[in-house]
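Undergrad: What follows is a single structure, and I will ask about it in a moment.
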Amino acid sequence: MENLIALLIAAPLLGAGLLLCGGRRLDRVGHILGTLLAAASFVIGVVLFADMLGRSGDDRALHQHLFSWIPVESFQADIAFQLDQLSMTFVLLITGVGTLIHIYSIGYMEHDERRRRFFGYLNLFLAAMLLLVLADNYLLLYFGWEGVGLASYLLIGFWQHKPSAATAAKKAFLVNRVGDMGLSIAIMLMFTTFGTFAFGPVLESTGQASSGTITGIGLMLLLAACGKSAQVPLQSWLGDAMEGPTPVSALIHAATMVTAGVYLITRSGAIFNASPDAQLVVVIVGAVTLLFGAIVGCAKDDIKKALAGSTMSQIGYMILAAGLGPIGYVFAIMHLVTHGFFKAGLFLGAGSVMHGMNDEVDMRKYGGLRKYMPVTFVTFGLGYLAIIGFPGLSGFWSKDKIIEAAFAKGGTEGWILGAVTLLGAALTAYYMTRVMLMTFFGEKRWQPDAEGNEPKPHESPKSMTIPMIVLAFGSVFAGGLFSLNESFVKWLEPVTQFEHGHPPISAAAVTTLTVVVLLIGVGVAYLQYGRKPVPVTAPRGSLVTRAARRDLLQDDFNHVVLVRGGEHLTRSLVYVDHTLVDGVVNGTAASFGGLSGRLRKLQNGYARSYAVSMFGGTAVLIAATLLMRAV
Amino acid sequence: MSVTAVHSLWTTTAAEGIDKIQAPKIEYAQLAPVLIVLGAAVVGILLEAFVPRKGRYYAQLFLSVVALAAAFAAVVALAAGGYGSTKAHLAAMGAIAVDGPALFLQGVILLTSVVAVFTFAERRLDPVSHGARIDSFAAEGASVPGSEGEKAAVKAGFTTTEVFPIMMFAVAGMLVFPAANDLLTLFIALEVFSLPLYLLCALARRKRLMSQEAAVKYFLLGAFSSAFLLFGVALLYGYAGSVSYARIAAVVDGSVGTVDPVLADTMGNDALLLIGGAMILMGLLFKVGAVPFHMWTPDVYQGAPTPVTGFMAAATKVAAFGALLRLLYVVLPGLRWDFRPVMFGVAILTMLFGAVVAITQTDIKRLLAYSSIAHAGFILAGVIAMSDDGISSVLFYLAAYSFVTVGAFAVVTLVRDAGGEATHLSKWAGLGRRSPLVAAVFAVFLLAFAGIPLTSGFSGKFAVFKAAADGGAGALVVVGVISSAIAAFFYIRVIVLMFFSEPKADGPTVAVPSPLTMATIGVGVAVTLVLGLAPQYFLDLASQAGVFVR
């Protein structure tokens, strides 16, 4: 059975190879081929899942050693896989949602000339992401990590003819480099400390390393997670990444790749458990991002950017939960999965709306679309209810547990974290209600596009609506299913450990509070956007609103501190290079040149001078030899 | 005294015999490489006498190439027969060693000579004059430059085909030189290969006065250094009572106690040993071109016909370093602590001086001459290691260096203007634009000289520096690396000049050579790249060959 693991990756990898190297001959069947191979990978995943369920909890992990990759004495890097419950969860999410989005893209990208290439990139992404979650050592994980980064870069910049898309791709790549550097440093530290990269030995021997080293590794892993999962301070790329085609935003920048940071932290749980300092930083990053993303989401008029802010915020929840340790890991992953369903659904819904509205993204130019796009409206609506945590739907179950765990952290920290998560829940309810109202309710505010075409909103084709419907089912039922009998907790417990948190206030009170803040958020949004007509041009807004529209000045900050600082640094280095380094180099060269000029005069062409030189040389030779013997 | 008495004295002497002269035992098979080449040289002289002028060139070329190939085959056969390792021994009554280093270096000398013969035989570079194809050598060596006799010889289309047998004699001497196992053989081999070289240097077709001046300087200084060497031989004989390497080494070790009564006053006198050793060293250092005995090098390299320069620069160095290795490792190992500091100084001076002075050279042949001085310094670093790795690294370096050198000088013969070869560097500007292939090939050789990875120069330099560092000569390696950095400047400068300068309007043309020179250059490039990309096999070969028979 473990031999199937490699096939999971091989199927989409084959697709990527065929589609990217196959040339025009595959143009007509490329999308079908890509989708089928993604589906094949999903089927293999399901088979493995069924097999896994047949074994008891502690016996479920499978290992496959494919071959030795870089065997150099004590440096042993293997291509080897590990499929345990955590990886299994990701495999099903990646291949399942991935397949749906492949199907959706068939319709969405129908008129794009480069559709074959698009599917090739999607398959490449699936292969890399599966490699990331199936690797049994950090080095191979790093390989997958860079692979998804590459796929993300290629897909954000897929419409590279738009300068904004090309720039966004570059930005994502560069910001991610910072995080990747963290991961590579963490791996190097692991190797020097433990002498291996494999998960098992590293995670079992965390006790042997000094606490400083462990904290260092933890912080570097966190840096990596921040890059990939768009957490503060490396959050700035995610909003721009929405330049990519919408299915990409749904798959990579909502459901799967951006959650890789959560996977990394959960997978490395033993390291963080051993370092409370690192955990504290993780929690702070999660909490700050949670609010940061939510505030940005409240101010954006671009539907995809509003959703991107929301993604950032929801991943903030997950990171925060993962930072809580064994009381949070399970819920981080659970929220990750439910979020995968409803956020992918929301993005696909947004894509469907754009598809019907001449690719317009400004929500102020939507309005009243529920009549024209009933399926989109219902599926989007269910996703909306799920994300705000409407009782009974998926998001409710997972988010509520995170809020409980945050309170259960205990002490002042617990109260602060609890309050932040509650505030986040209110903000979520606010900005999502705002999106909902501006898009599907109110009057039509449609505007002709640049070429003067009036939008004619219509429902999207079946290939697009069916994936949305499937995801809507997940948005509604997944959370309840997972919570039934604590099934998800029991499923993951053997891998991630689990402790019941004990919040200072009762669970029922937490739930009540959550529902109350939820209603407040919805209510405020309704008052602002439901009761009054929405102006087509955005009002000037308060200082906070204006800052939030500029992503809370993240780019301004980066520009002033990093770009300007970098420019100053390089300029001063250039100055030093020109004056000091070049001075030394040119001075040395000049002095050798001068020496050379003087020495060549010895070569005067007279045989008698040469003979004298030889004679003198011999005399010195003899004298020195005798002297050596004398001393 | 009566007649009978006289008769009796006669007969008694004859009957009793003071000592019957024993016929020396000569292992002809093991000396075959030398004998084949010497035989070819003698036959070549006869060809000059008996073959009509028209056919001489082809006959000589054929004879030389066949003889060199046959001699190389003999070397390979000897090596395959185990004479390089298990069966290594001293042939010809102990005068000549047949062992790994000797066979390896003889192989290198023979292969280098084959490609050098090709450049000797090149006759397509100059246009046909007076109905005859002409090569790099004077029409008639004996005629005074600029005289009527010379003009007549040129008009008659004469060529000096004697260069082939002369070269064969030189090759034979070089084959013996690294194998010589007593001091007299060493000296004779030195003269056997030096005299033909002096002659060859004087035979340039163009710039004859310069060529003759070079030859005279080379001869004078060579004779001067030979005198030192010979004096050193005498002193060592006085010290050890023998010229045999083994015997001298034994006396140095103190394992021989019996004193020859005639030499009782001097034997075992260390002053003789040290002074004599230093003088012989000086003679060898002169041949390899080490500072301060290097001064002939630039003048001779520049003045000699370029094919001769290439041959001499490559093969002489191989032979002389072979002899130097044998002297230091077989005769004087007991004295390593006496000679090492001096050799240290010589190596450092040689590396730095060669690299520094090359910076300001404006003539490509002089530039390569100074480059060869710097390389002599690098090789000395390997010699000084005084370890098995030292021997094998020097062997490898010599093999790598000789092919690069012959190839580089072959390229120099191609770049010509109205006055023959255009050796002034300014003429080389923009060559890469006009003749990208030739410039690229030359660039490969320059990179190899500079020791850039993926060329044989890097493998060789790495090997000698590693051996030197392991042998405790770390300081030498530091100086070596600094010198390499300085040297890289002038090599790269030529590349920059060729590829990044505007070509001059009246610049030289690149002659299209015959397949002979192409073969020389092609072999040079191939060896450079093979030894750079996959040196392991040859390093192994060198390290298997790196054991001297004692």
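The values are calculated or read from the model by the stated rules, or taken from the named source; none is laboratory data. None of the values given here were measured: they were computed from a predicted structure. All Cβ positions, even for glycine, are placed from backbone atoms using ideal geometry, and neighbour counts span all protein chains on display. Keep in mind that these areas ignore ligands, DNA and RNA; they rest on the heavy atoms of the full protein, side chains included. Shrake-Rupley method; radii C 1.70, N 1.55, O 1.52, S 1.80 Å.
Undergrad: Is it the case that some residue within the stretch B:331-338 is among the basic types (Lys, Arg) and open to solvent by 10 Å² or more (accessible area, probe 1.4 Å)?
TA: Checked the stretch B:331-338: at least one residue is among the basic types (Lys, Arg) and open to solvent by 10 Å² or more (accessible area, probe 1.4 Å).
Undergrad: Now, a different point. If we scan the stretch A:40-52, do we find a residue that is within 30 Å of A:Val353 (Cα to Cα), more than 23 Å from the chain's Cα centre (by Cα) and in contact (Cβ under 8 Å) with a residue 24 or more places away in the chain? If you could, list the steps in order and put the result at the bottom.
TA: Filtering the stretch A:40-52 for residues within 30 Å of A:Val353 (Cα to Cα) gives A:40-42.
Keeping just the survivors that are more than 23 Å from the chain's Cα centre (by Cα) gives A:40.
Going one step further and asking which of them are in contact (Cβ under 8 Å) with a residue 24 or more places away in the chain, we end up with A:40.
Among the residues of the stretch A:40-52, at least one is within 30 Å of A:Val353 (Cα to Cα), more than 23 Å from the chain's Cα centre (by Cα) and in contact (Cβ under 8 Å) with a residue 24 or more places away in the chain, which makes the answer yes.
Undergrad: Please work out which one of (1) at pLDDT 95 or above; (2) within 14 Å of another protein chain (Cβ to nearest Cβ) is the condition B:Tyr401 fails and give its number.
TA: (2)
Undergrad: Does the stretch B:245-263 include one or more residues that are part of a loop (DSSP other than H, G, I, E, B) and aromatic (Phe, Trp, Tyr)?
TA: Taking the stretch B:245-263 first, the residues part of a loop (DSSP other than H, G, I, E, B) are B:254-260.
Restricting the remaining residues to those that are aromatic (Phe, Trp, Tyr) gives none.
No, the stretch B:245-263 contains no residue that is part of a loop (DSSP other than H, G, I, E, B) and aromatic (Phe, Trp, Tyr).
Undergrad: Looking only at the stretch B:263-274, decide whether some residue is more than 25 Å from the chain's Cα centre (by Cα), facing chain A (nearest Cβ under 10 Å) and crowded, with 17+ Cβ neighbours inside 10 Å.
TA: yes
Undergrad: Can you report the number of residues in the stretch A:1-36 which are open to solvent by 30 Å² or more (accessible area, probe 1.4 Å) and not in a loop (DSSP other than H, G, I, E, B)?
TA: 15
Undergrad: Filter the stretch A:540-563 down to residues that are of a type in the set (S, T, N, Q) and surrounded by 12 or more Cβ atoms within 10 Å (Cβ to Cβ) and give me whichever is nearest to the chain's Cα centre (by Cα).
TA: A:Gln554
Undergrad: Here's another thing I want to ask about it. If a residue has to be open to solvent by 20 Å² or more (accessible area, probe 1.4 Å) and assigned to a helix (DSSP H, G or I) to count, how many in the stretch B:234-244 make the cut?
TA: Of the residues in that region, 3 qualify.
Undergrad: Additional query: When you look at B:Ser225, is it small (Gly, Ala, Ser) and within 10 Å of another protein chain (Cβ to nearest Cβ), yes or no?
TA: Details: small (Gly, Ala, Ser): yes; within 10 Å of another protein chain (Cβ to nearest Cβ): yes.
Against the criterion (small (Gly, Ala, Ser) and within 10 Å of another protein chain (Cβ to nearest Cβ)), B:Ser225 qualifies.
Undergrad: Is it true that A:Ala230 is outside any helix (DSSP H, G or I), out of contact with any strand residue (DSSP E or B) (no Cβ under 7 Å at 6 or more places or on another chain) and either of a type in the set (Gly, Ala, Ser) or at pLDDT 95 or above (or both)?
TA: It is true that A:Ala230 is outside any helix (DSSP H, G or I), out of contact with any strand residue (DSSP E or B) (no Cβ under 7 Å at 6 or more places or on another chain) and either of a type in the set (Gly, Ala, Ser) or at pLDDT 95 or above (or both).
Undergrad: Here is a list: B:Val342, B:Val346, B:Val357, B:Val291. Which entry is facing chain A (nearest Cβ under 9 Å), of a type in the set (A, V, I, L, M) and not in a helix (DSSP H, G or I)?
TA: Values: B:Val342 fails: not in a helix (DSSP H, G or I); B:Val346 fails: not in a helix (DSSP H, G or I); B:Val357 fails: not in a helix (DSSP H, G or I).
After ruling out the rest, the residue left standing is B:Val291.
Residues are listed down the side, and each one gets a yes or a no for (1) open to solvent by 20 Å² or more (accessible area, probe 1.4 Å); (2) without any contact (Cβ under 8 Å) to a residue 12 or more places away in the chain; (3) on the phi > 0 side of the Ramachandran plot:
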position	(1), (2), (3)
B:His375	no, no, no
B:Phe378	no, no, no
B:Thr405	no, no, no
B:Gly430	no, no, yes
B:Phe445	no, no, no
B:Thr455	no, no, no
B:Asp470	yes, no, no
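Undergrad: Condition (residue is acidic (Asp, Glu) and not in a loop (DSSP other than H, G, I, E, B)) applied to the stretch A:75-85: is it met by at least one residue?
TA: yes
Undergrad: Then there is this: So A:Leu513 passes all but one of these: (1) in contact with a helix residue (DSSP H, G or I) (Cβ under 7 Å, 6 or more places away or on another chain); (2) farther than 30 Å from A:Ala230 by Cβ; (3) not in a loop (DSSP other than H, G, I, E, B). Which condition number does it fail?
TA: Tallying (1) in contact with a helix residue (DSSP H, G or I) (Cβ under 7 Å, 6 or more places away or on another chain); (2) farther than 30 Å from A:Ala230 by Cβ; (3) not in a loop (DSSP other than H, G, I, E, B), A:Leu513 fails exactly one: (2).
Undergrad: Every residue in the stretch A:50-72 that is surrounded by 14 or more Cβ atoms within 10 Å (Cβ to Cβ) and farther than 16 Å from A:Asn3 by Cβ, please.
TA: A:Arg60, A:Trp69
Undergrad: What is the one condition in (1) open to solvent by less than 10 Å² (accessible area, probe 1.4 Å); (2) farther than 21 Å from B:Phe311 by Cβ that B:Met386 does not satisfy?
TA: (1)
Undergrad: Across the stretch B:523-550, what is the number of residues that are touching a residue at least 60 places away in the same chain (Cβ under 8 Å), assigned to a helix (DSSP H, G or I) and either open to solvent by 10 Å² or more (accessible area, probe 1.4 Å) or within 19 Å of B:Pro453 (Cα to Cα) (or both)?
TA: Selection size over the stretch B:523-550: 16.
Undergrad: Condition first: within 14 Å of chain A (Cβ to nearest Cβ) and not basic (Lys, Arg). Now tell me which residues in the stretch B:360-375 satisfy that.
TA: Going residue by residue through the stretch B:360-375, those that are within 14 Å of chain A (Cβ to nearest Cβ) are B:360-363, B:365-367, B:369-371, B:373-374.
B:Thr360, B:Gln361, B:Thr362, B:Asp363, B:Leu367, B:Ala369, B:Tyr370, B:Ser371, B:Ile373, B:Ala374 - these are the residues of the stretch B:360-375 that are within 14 Å of chain A (Cβ to nearest Cβ) and not basic (Lys, Arg).
Undergrad: Just need a number here: residues in the stretch B:463-497 that are among the hydroxyl-bearing types (Ser, Thr, Tyr) and outside any helix (DSSP H, G or I). Can you show your working first?
TA: To start, the set of residues in the stretch B:463-497 that are among the hydroxyl-bearing types (Ser, Thr, Tyr) comprises B:483-484, B:491.
From what is left, the residues that are outside any helix (DSSP H, G or I) are none.
Qualifying residue count, the stretch B:463-497: 0.
Undergrad: Restricted to the stretch A:589-631, and to residues that are polar (S, T, N, Q) and either within 30 Å of B:Leu335 (Cα to Cα) or in contact with a helix residue (DSSP H, G or I) (Cβ under 9 Å, 6 or more places away or on another chain) (or both), which residue is surrounded by the most Cβ atoms within 10 Å (Cβ to Cβ)?
TA: A:Thr618
Undergrad: Does B:Phe118 fit the bill of being open to solvent by 30 Å² or more (accessible area, probe 1.4 Å), over 30 Å from B:Ala88 (Cβ atoms) and either in contact with a Cys (Cβ under 8 Å, 6 or more places away or on another chain) or aromatic (Phe, Trp, Tyr) (or both)?
TA: yes
Undergrad: If A:Pro245 passes every condition in (1) within 30 Å of A:Met354 (Cα to Cα); (2) open to solvent by 10 Å² or more (accessible area, probe 1.4 Å) but one, which one does it miss?
TA: Only one criterion is unmet by A:Pro245, namely (2).
Undergrad: Find the residue count for the stretch B:498-520, including only residues that are open to solvent by 20 Å² or more (accessible area, probe 1.4 Å) and in a helix (DSSP H, G or I).
TA: 6
Undergrad: Which one is nearest to A:Ile315 (Cα to Cα) among residues in the stretch A:255-276 that are touching a Gly at 6+ places or on another chain (Cβ under 8 Å) and outside any loop (DSSP other than H, G, I, E, B)? Let's see the steps before the verdict.
TA: The initial filter retains those residues of the stretch A:255-276 that are touching a Gly at 6+ places or on another chain (Cβ under 8 Å), namely A:255-256, A:259, A:261, A:265, A:268-269, A:271-275.
If we keep only those that are outside any loop (DSSP other than H, G, I, E, B) too, we end up with A:255, A:259, A:261, A:265, A:269, A:271-273.
Values: A:Ala255: 10, A:Thr259: 7, A:Gly261: 9, A:Ile265: 12, A:Gly269: 17, A:Ile271: 20, A:Phe272: 18, A:Asn273: 20 Å.
Checked the stretch A:255-276; the qualifying residue nearest to A:Ile315 (Cα to Cα) is A:Thr259.
Undergrad: Hand me the list of helices (runs of 4 or more DSSP H) wholly inside the stretch A:545-631 holding 1 or more residues that are among the polar types (S, T, N, Q) and away from chain B (no Cβ under 14 Å).
TA: So the answer is A:554-557, A:565-576.
Undergrad: Of the residues A:Thr465, A:Thr512, only one is of a type in the set (Val, Ile, Thr) and without any contact (Cβ under 8 Å) to a residue 40 or more places away in the chain; which?
TA: Criteria check complete, one pass: A:Thr512.
Undergrad: Report, ordered by the first and then the second residue, all pairs with beta carbons closer than 9 Å, sequence separation of six or more or different chains, a first member in the stretch B:265-276 that is at pLDDT below 90, and a second member that is loosely packed, with under 15 Cβ neighbours inside 10 Å.
TA: Filtered contacts from the stretch B:265-276: B:Met267/B:Val259; B:Met267/B:Asp260; B:Gly268/B:Gly254; B:Gly268/B:Val259; B:Asp270/A:Arg629; B:Ala271/A:Arg629.
Undergrad: Applying the selection to the stretch B:201-222, what residues are away from chain A (no Cβ under 14 Å), open to solvent by 50 Å² or more (accessible area, probe 1.4 Å) and assigned to a helix (DSSP H, G or I)?
TA: Hits for the stretch B:201-222: nothing passes.
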